[in-house]
Structure formats: C-alpha cells, structure tokens
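Since the structure comes first, as structure tokens, the remarks are kept for the end.
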Amino acid sequence: MKKTLEEHAARFDDVAAEYDEDKSAEYNECVALVLEHAAPASDDVVLDLGCGTGAIALGLAEDAGRVVGRDISEGMMDQAREKAVERGLENVEFGEGRFREPNAPDDASVDVVTSNFAMHHLSDDEKREAISVVADLAPRKVVLGDVMFFGEPDPAEPFYSPEVDDPATVGVLADAFTDEGYALTAVELVHEQVGVLVAERQ
C-alpha cells in the first residue's frame, strides 16, 4: 500500500539531516542536468517543486531573479534554509507546497518550473494532474529530473522501490506535457530508470 502524503513528509523529516550524504552518481548527474537545462535569466522566477534540501533551488539562485522552493517536509526545507544563509543567498525562499497545490507566489509569474527526484511518488493519474496544475502557471519551461522508465521496469534495480515509488514511463510523461500544450525539447537518459525531461510551451 502506498504511503500517504503525511507519511512521506514524516519519512523525509526523519532523514533530512543526512539526506545530502552518499547521494548516488545518477542523482548527482540529474541535479547537474536540471541546473543546466533550467538556465534561468537574471530576471526569471523559478519554482522548484519537491525542493528537498535545496540542491536545485540553491543551484539556480545565483543566476535567477527569484527562486521559490516548495516541499512537504519542513525538516528538508530547514536544511535548505540553513544552506541559503551560509551561502548568503537572499533571493531564494522555501515554504510548504506540493505538485497539485504548489502554493506559487501571488506577486510574480513563474517563468521556469523545476523538480528533481520527487514526482515519482505520485501515481500516473496524479502526475497528469500535477503537470496540468503546473501548466496552469504558464511557465515557458519545465525541467523534470526523476526516476522514470525508458524500457521495461525491473523492480530489482536500485531506483525503484514499490513501497514508496511509482515511476511513470517517459511516454506517459511526454503525453501529459503534450496534452497541456508543451513539447519535449530534450530527453536525457541517465540510467534505464532515471532521466531528465525538458518541456517547453508551444
């Protein structure tokens, strides 16, 4: 049985302090690719969903005008806030939000949406709903790094844990973006079950 939102939040609260330790090479490659493809302009507002401890949000803050990180785990965001202070970053903020209720800023339009290793916790129907909600914000670009299937899924592989993960195929994600008026402009295979998709508004 899949975990509830509250159970996911509690699980990440519990591991927040150690979350950045011993990340996989694939995770780190996804971070690098998401940062590269997001490429915000100096006046862009970036919304980072499932921001965790801030790998993407903090990495983009030096180039973007404003970065808004959203997550369900206060413990993870506390880590991100500490790192922002340590780095002297004043244009990044963190607060509660989720894919289907992103709590986007009221005082600015969102130019770029990013997410890394978070959406795979949603079912395929929930992913479609989340992508629809994101599209309603009208960003010009969405960059998604995540666990996703490029071929037949193998539960023995390290990136797929049925207890907490529910990855989609690349095709399901592509169709969801297409249905919302976006086209995939880049597909990066990191691992047979890990990749980065870039969707841009048409």
Check: Does G95 meet the test of being surrounded by fewer than 17 Cβ atoms within 10 Å (Cβ to Cβ) and either touching a Pro at 6+ places or on another chain (Cβ under 6 Å) or assigned to a helix (DSSP H, G or I) (or both)?
Finding: no
Flagged in the range 178-197 as touching a residue at least 24 places away in the same chain (Cβ under 8 Å) and either among the charged types (D, E, K, R) or within 17 Å of V147 (Cβ to Cβ) (or both), in numbering order, are D179, E180, E188, L189, V190, H191, E192, Q193, V194, G195, V196, L197
**Study point:** Filter result for A108 (in contact (Cβ under 8 Å) with a residue 12 or more places away in the chain, surrounded by 15 or more Cβ atoms within 10 Å (Cβ to Cβ) and more than 23 Å from G195 (Cα to Cα))
**Key:** no
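Name every residue in the range 64-109 that is polar (S, T, N, Q) and at negative phi, in order of residue number.
Passing the criteria: S73, Q79, N91, S109.
The rows are residues; the columns are (1) assigned to a strand (DSSP E or B); (2) under 24 Å from A39 (Cβ atoms); (3) under 14 Å from the mean Cα position of the chain (by Cα).
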{"position": "G59", "(1), (2), (3)": "no, yes, yes"}
{"position": "R70", "(1), (2), (3)": "yes, yes, yes"}
{"position": "G75", "(1), (2), (3)": "no, no, no"}
{"position": "Q79", "(1), (2), (3)": "no, no, no"}
{"position": "E82", "(1), (2), (3)": "no, no, no"}
{"position": "E90", "(1), (2), (3)": "no, yes, no"}
Screening R66, R87 for residues that are exposed (fewer than 15 other Cβ atoms within 10 Å of the Cβ), out of contact with any Lys or Arg (no Cβ under 7 Å at 6 or more places or on another chain) and at pLDDT 95 or above leaves only R87
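Can you name the residue in the range 138-151 that is over 14 Å from the mean Cα position of the chain (by Cα) and surrounded by 16 or more Cβ atoms within 10 Å (Cβ to Cβ) and, of all such residues, is modelled with the highest pLDDT?
In the first step, residues of the range 138-151 are kept if they are over 14 Å from the mean Cα position of the chain (by Cα); the result is 138-140, 149-151.
Now narrow it down to the ones that are surrounded by 16 or more Cβ atoms within 10 Å (Cβ to Cβ): 139, 149-150.
On the way: P139: 98, F149: 92, F150: 91.
Among those that are over 14 Å from the mean Cα position of the chain (by Cα) and surrounded by 16 or more Cβ atoms within 10 Å (Cβ to Cβ), it is P139.
The values are calculated or read from the model by the stated rules, or taken from the named source; none is laboratory data. In this text the structure is predicted, and so the values were computed from the model without any measurement. Every residue, glycine as well, gets a Cβ built from its backbone with ideal geometry; the counts of neighbours run over all protein chains shown.
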